[in-house]
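Undergrad: So that we are looking at the same thing, I have put the structure below in structure tokens.
The values are calculated or read from the model by the stated rules, or taken from the named source; none is laboratory data. Here the structure is a predicted model, which means the values were calculated and not measured. Here Cβ is always computed from backbone atoms with ideal geometry, including for glycine, and neighbour counts include all displayed protein chains. Note: accessible area is taken over every heavy atom of the protein model, side chains too, but ligands, DNA and RNA are not part of it. Shrake-Rupley method; radii C 1.70, N 1.55, O 1.52, S 1.80 Å.
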Amino acid sequence: MKDIVKGKRILVTGSSSGIGLETARLLSEQGAEVLGVDINKGFDHVDEFYRADLSDPRTIDALIDVLPEDIDGLVNNAGLPPTQPANRLLLVNWLGLKRLTHGLIPKLTDAASIVNVASLAGHGWPNAVDAIKAAEHLDYHNLDEFIERWKVSSEGGRSYFFSKELLITWTMQNRWTWRDRGIRMNAVSPGPVDTPILADFIQTLGARATEDRDTMDRPGTPEDIAPVIMFLVSDMTQWIRGFNIQADGGMASNLTCRAHGL
């Protein structure tokens with residue numbers, strides 16, 4: 001896949017560590033101009049870096065204003081782990097992500113690609129459809145009320161799982177939203193990945209995380225995920241729309257087969 005993103009301007013959120021850092025590195029190596037966004041300073045493998053707290057809508061709006069035009073790809077990678085309080089997690093993983101994406105649409109080029117980094121944690125979205133539909137009205141002013149009403153607190157990592165369920169379904173719902181401009185949206189769902197926040201998942205999810213770890217032959221690595229993201233932002237994927245690629249070592253297929261007795 002050499003040079004499939006050469007000359008493209010691609011924005012990567014959460015670019016200072018983990019999957020975001022490796023994605024920025026790979027994109028830069030392949031000739032893309034990378035704009036990095038993170039709350040932590042990190043200038044590696046980016047042409048321009050913007051420090052921003054994606055839990056703050058005013059900061060997001062200011063970021064949108066200062067970002068350049070003609071962005072060919074948006075990688076929504078920034079996110080908080082399940083150890084974080086539910087309200088802050090949903091501010092970053094959901095409300096902030098949506099606000100940034102919608103705000104950047106006018107600055108995206110025609111035929112641009114939006115890639116949402118979701119998770120194996122969102123695999124159970126069909127069991128949360130009522131809450132997902134209710135979240136269409138979720139906003140900054142009613143977040144705490146929503147968390148209580150729909151029981152998506154941080155206990156047992158539920159807020160994290162829900163944020164990824166929302167992201168996967170939102171990706172599917174936006175399969176044709178900007179079709180008149182050729183802008184497409186897809187998602188990548190990693191399983192457990194060996195990054196600095198892997199310990200947060202094990203701490204929060206306990207037995208479930210241990211079972212997943214023991215079932216897999218190994219955890220994923222950022223190097224396993226970044227090429228999939230790069231593929232989706234390239235021009236090779238213009239007919240892939242509203243799709244979630246499960247880059248998880250077979251875990252989603254394992255869960256599906258077990259659920260259906262296969």
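Undergrad: List the pairs whose first member sits in segment 1-19 and is hydroxyl-bearing (Ser, Thr, Tyr), whose second member is open to solvent by less than 60 Å² (accessible area, probe 1.4 Å) and not in a loop (DSSP other than H, G, I, E, B), and whose Cβ atoms are under 6 Å apart, counting only residues at least 6 apart or on separate chains?
TA: As it stands, the answer is 13/37; 13/76; 15/24; 15/36; 15/38; 16/38, since those pairs meet every condition given.
Undergrad: Inspect all residues belonging to segment 87-96 and state whether any of them is touching a helix residue (DSSP H, G or I) at 6+ places or on another chain (Cβ under 8 Å), modelled with pLDDT of 95 or more and surrounded by fewer than 20 Cβ atoms within 10 Å (Cβ to Cβ).
TA: Yes, there is a match, as at least one residue in segment 87-96 is touching a helix residue (DSSP H, G or I) at 6+ places or on another chain (Cβ under 8 Å), modelled with pLDDT of 95 or more and surrounded by fewer than 20 Cβ atoms within 10 Å (Cβ to Cβ).
Undergrad: Do we have residue 105 as more than 27 Å from residue 66 (Cα to Cα) and open to solvent by 10 Å² or more (accessible area, probe 1.4 Å) here?
TA: So residue 105 does not fit the description; no.
Undergrad: If you scan segment 176-193, which residues turn out to be open to solvent by 50 Å² or more (accessible area, probe 1.4 Å) and touching a strand residue (DSSP E or B) at 6+ places or on another chain (Cβ under 7 Å)?
TA: 181
Undergrad: Continuing with the same structure: Sort out which residues of segment 16-60 are outside any loop (DSSP other than H, G, I, E, B), open to solvent by 10 Å² or more (accessible area, probe 1.4 Å), touching a Lys or Arg at 6+ places or on another chain (Cβ under 9 Å) and under 25 Å from residue 143 (Cβ atoms), and write them in order of number.
TA: Selection gives 38, 51, 57.
Undergrad: How many residues does segment 236-251 contain that are charged (D, E, K, R) and modelled with pLDDT under 95?
TA: Going through segment 236-251 one residue at a time, the tally reaches 1.
Undergrad: Looking only at residues in segment 111-153 that are in contact (Cβ under 8 Å) with a residue 24 or more places away in the chain and assigned to a loop (DSSP other than H, G, I, E, B), which one is surrounded by the most Cβ atoms within 10 Å (Cβ to Cβ)?
TA: Of everything passing the filter in segment 111-153, 118 is surrounded by the most Cβ atoms within 10 Å (Cβ to Cβ).
Undergrad: Filter segment 50-86 down to the residues that are polar (S, T, N, Q) and under 18 Å from the mean Cα position of the chain (by Cα) and list them by number.
TA: Result: 55, 76, 77, 83, 84.
Undergrad: Moving on to the next point. Select from segment 224-254 the residues that are hydroxyl-bearing (Ser, Thr, Tyr) and surrounded by 19 or more Cβ atoms within 10 Å (Cβ to Cβ) and list them in ascending order.
TA: 234, the sole residue that qualifies.
Undergrad: Of the residues that make up segment 162-172, is at least one surrounded by 21 or more Cβ atoms within 10 Å (Cβ to Cβ), in contact with a Gly (Cβ under 9 Å, 6 or more places away or on another chain), at pLDDT 95 or above and of a type in the set (Phe, Trp, Tyr)?
TA: Yes, segment 162-172 contains at least one residue that is surrounded by 21 or more Cβ atoms within 10 Å (Cβ to Cβ), in contact with a Gly (Cβ under 9 Å, 6 or more places away or on another chain), at pLDDT 95 or above and of a type in the set (Phe, Trp, Tyr).
Undergrad: Sort out which residues of segment 1-15 are closer than 23 Å to residue 220 by Cβ and buried (at least 23 other Cβ atoms within 10 Å of the Cβ), and write them in order of number.
TA: Selection gives 5, 10, 12, 13, 14, 15.
Undergrad: Among the residues of segment 1-38, write down those that are among the aliphatic types (A, V, I, L, M), more than 12 Å from residue 233 (Cβ to Cβ) and out of contact with any strand residue (DSSP E or B) (no Cβ under 6 Å at 6 or more places or on another chain).
TA: 19, 21
Undergrad: Another question, if that's okay. Can residue 88 be described as out of contact with any Pro (no Cβ under 8 Å at 6 or more places or on another chain) and either in contact (Cβ under 8 Å) with a residue 40 or more places away in the chain or under 22 Å from residue 106 (Cα atoms) (or both)?
TA: no
Undergrad: Please work out if residue 80 is surrounded by 18 or more Cβ atoms within 10 Å (Cβ to Cβ) and in a helix (DSSP H, G or I).
TA: Here the answer is no, as residue 80 does not meet what is asked.
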